[in-house]
Amino acid sequence: MGFFDFMTEDIAIDLGTANTLIIHNDKVVIDSPSIVARDRITGKITAVGKEANMMQGKTHENIKTIRPLKDGVIADFAASEEMIKAFIKSIPALKKKMFTPALRMVVCIPSGITEVEMRAVKESCERVNGKEVYLIHEPMAAAIGIGIDIMQPKGNMIVDIGGGTTEIAVIALGGIVCDKSVKIAGDVFTNDIIYYMRTQHNLFVGETTAEKIKITIGAATDSLESPPDDMSVQGRDLLTGKPKQVEVSFREIAKALDKSIQRIEDAIMETLSQTPPELAADIYNTGIYLAGGGSMLRGLDKRISLKTDLPVYIAEDPLKAVVRGTGMALKNIPKFRSILIK
């Protein structure tokens, strides 16, 4: 075992619909958009991550940008494998090695995932030299990353709003007691904004711009304590076909996202209604923890708090909560053996 250990590198991966993060030696070494660019003629992958992201919506017919993950699961097997391979190759500490070391990996997966989808993730990892691959459910990883002691006989509620899915789970005794996975998350918010700009302003904007609007002035309610300034948005006028610019306020975005946020609220309410009474009592005291990029939407914590009458806390650095938890599980595999899926 000693020699094999010497040859093995440990990495933790949060394979997300929107972003992929990798931890190696307790440091986040990769934090990149989950997107690849493929050359149509040769079929080769020409760019991954940030570089491919800049190309999105600006390609000619010989380049195609692909997001290999959809709704938290692998949609394009070949592209996802290439993407994972490229990310692992670009980890600074592994670049220096003469040959690719064997990898021990922990990868997190959405909780509402099927056996087949689970196997796709596992096989993707095994094909990039993963000798030991463990899987961990996302809400679990988020809870560990937030700093909750998940082995305690205490209930905690986690809401992880990612790019493709929103994972809601009540966790106690190192297991998920009740969970719900809804396919309404960051990507849907972005599409809501595109639709809103189209119908209300006759302005056609691309995904990259809509994403920028969401991050710059996105809001969940129209009563914010410190509202962001209006934003100038450029796109194509649907009537004249000319490029044009309009001013958009956060209130409009709150209106655009309202329906989708309502559905996330409903899913939270439903999960609460399925929670055993003893755990409900715990949650009354501990509140709800938000993680994932979607939790950074202005006023979302307040809005969920009003709806549930519970305190709502946002994890520090919510984008990295899941990968931090995955990294902690990796460091202490014996302790977390019960929640890792081999």
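The values are calculated or read from the model by the stated rules, or taken from the named source; none is laboratory data. Keep in mind that this is a model prediction, so the values were computed, not measured. Cβ placement follows ideal geometry from the backbone for every residue including glycine, while neighbour counts extend to all protein chains displayed. Surface accessibility is based on the protein's heavy atoms, side chains included, excluding ligands, DNA and RNA. Shrake-Rupley method; radii C 1.70, N 1.55, O 1.52, S 1.80 Å.
Structure above, values below:
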{"item": "Evaluated at q = 0.10, 0.11, 0.12 Å⁻¹: base-10 log I(q)/I(0), Debye formula over Cα of segment 129-234", "result": "-0.45, -0.53, -0.61"}
{"item": "Relative contact order [Cα under 8 Å, 6+ residues apart], segment 186-256, whole percent", "result": "33 percent"}
{"item": "Hits among aspartates and glutamates - C-alpha to C-alpha of Lys212 under 20 Å, sequence gap 8 or more where chains match", "result": "Asp31, Glu51, Asp187, Asp192, Asp222, Asp229, Asp230, Asp237, Glu247, Glu252, Asp258, Asp317"}
{"item": "Radius ratio Rg over Rh of segment 232-342, counting only Cα atoms, Kirkwood formula for Rh", "result": "1.13"}
{"item": "Which listed pairs, of Lys122/Lys183; Lys89/Lys180; Lys131/Lys335; Lys131/Lys180; Lys44/Lys214, have C-alpha distances above 26 Å, in listed order", "result": "Lys89/Lys180; Lys131/Lys180; Lys44/Lys214"}
{"item": "In Å², nearest 10: area of Lys183 left accessible to a 1.4 Å probe", "result": "120 Å²"}
{"item": "Cα pair distances of segment 42-140 binned at 10 Å [whole percent]", "result": "14, 41, 34, 11, 0"}
{"item": "DSSP bridge orientation in the chain - percent antiparallel, rounded to nearest 5", "result": "65 percent"}
{"item": "Segment 88-127 and segment 206-221: distance between their alpha carbon centers, rounded to Å", "result": "31 Å"}
{"item": "Largest-first ordering by accessible area, 1.4 Å probe, given options Leu238, Leu173, Leu272", "result": "Leu173, Leu238, Leu272"}
{"item": "20 °C / 1.002 mPa s Stokes-Einstein diffusion coefficient of segment 1-87, Kirkwood radius on C-alpha pairs, µm²/s", "result": "154 µm²/s"}
{"item": "Distant-in-sequence amide H partners of Ile30 (H built 1.01 Å from N, under 5 Å)", "result": "Ile22"}
{"item": "Alpha-carbon centroid distance for the pair segment 66-82 / segment 324-342, whole angstrom", "result": "24 Å"}
{"item": "Asp179, Asp301, ranked by accessible area, largest first (probe 1.4 Å)", "result": "Asp179, Asp301"}
{"item": "Given charges at beta-carbon only (K, R positive; D, E negative), |dipole| of segment 186-256 in Debye", "result": "320 debye"}
{"item": "Ellipsoid semi-axes in whole angstrom, largest first, where each is sqrt(5λ) of the Cα gyration tensor of the chain", "result": "33, 29, 15"}
{"item": "Surface share of carbon and sulfur [accessible, 1.4 angstrom probe, percent] for the chain", "result": "52 percent"}
{"item": "Furthest towards positive pole of dipole, Val28, Thr8, Ile184, structure part the chain, Cβ charges", "result": "Thr8"}
{"item": "Accessible surface, per residue, of segment 186-256 when the full set of protein chains is kept, probe 1.4 Å, Å²", "result": "55 Å²"}
{"item": "Compactness relative to 2.2 N^0.38 Å, alpha carbon Rg of segment 168-327", "result": "1.18"}
{"item": "Solvent exposure, largest accessible area first (probe 1.4 Å, DNA, RNA and ligands not counted), of Arg263, Arg236", "result": "Arg263, Arg236"}
{"item": "Size of electric dipole in the chain: Cβ of Lys, Arg +1 and of Asp, Glu -1, about Cα centre, debye, nearest 20", "result": "1080 debye"}
{"item": "Normalised contact order of the chain, rounded percent, pairs of Cα under 8 Å and 6 or more residues apart", "result": "18 percent"}
{"item": "Rounded accessible area of Tyr284 (nearest 10 Å², 1.4 Å probe)", "result": "150 Å²"}
{"item": "Hull volume in cubic angstrom per residue (convex hull over the Cα atoms of segment 186-256)", "result": "70 Å³"}
